[in-house]
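Worksheet: the structure to be examined is printed underneath.
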């Protein structure tokens, strides 16, 4: 339990620090660093790790980290995507799964996903890469999707007449989400049948904590609490 808590704390702290580096306009980072040079973005992340890396029990070696900086800054990075890839490769040297870099788009998506609420229709989806299918994991209870009869394992074949074939999951999510009060039309495939559902986008609250009381055969009561994800409401709900 203590190790889990440490890892969670480290992931949130370091991930947030690194994500801020890639976002223009945040007060914690001077925007001129992002405008001047892609090398400066890389160096800024390097300095955060050099100064604040939290895994003192790992194999982090500052001498090697300094050598790596020299190697990185001798290369050219024509655009921001090259710099972001270099940062990810740099962090891979730490051999620490809890230290990750999020580019601005990924960081924005993370903020939405962990806010505890969003505007959409209330479905959780995954991408089956083998079949190139967009599959509904589950509709969230009480949401437009649930009320419309959408079920787990339904496949989304189109979003507003746009085929989901070849769509990345992030692209599909962006198409489904939208302004509150607007509609989105989903083409659904279920057991070989195809039908369409027009759903009204609403404010969806993500319930991250569920609980129940179980009765044992011996007459004891056991409380069960499950935290499905860490978001802005998890502490209060717990």
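The values are calculated or read from the model by the stated rules, or taken from the named source; none is laboratory data. Keep in mind the model is a prediction, meaning the values are calculated, not measured. Because the Cβ atoms are built from the backbone with ideal geometry, glycine has one as well, and the counts that use them run over all protein chains shown.
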- prompt: Is one or more of the residues making up the range 108-121 touching a helix residue (DSSP H, G or I) at 6+ places or on another chain (Cβ under 7 Å) and at pLDDT 90 or above?
  reply: yes
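Show me the strands (runs of 3 or more DSSP E) found entirely inside the range 165-214 where at least 2 residues are surrounded by 13 or more Cβ atoms within 10 Å (Cβ to Cβ), at pLDDT 90 or above and out of contact with any helix residue (DSSP H, G or I) (no Cβ under 6 Å at 6 or more places or on another chain).
Correct list: 183-190.
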- request: For the range 74-87, enumerate the residues that are loosely packed, with under 15 Cβ neighbours inside 10 Å and either touching a helix residue (DSSP H, G or I) at 6+ places or on another chain (Cβ under 6 Å) or assigned to a helix (DSSP H, G or I) (or both).
  value: 80, 81, 82, 85
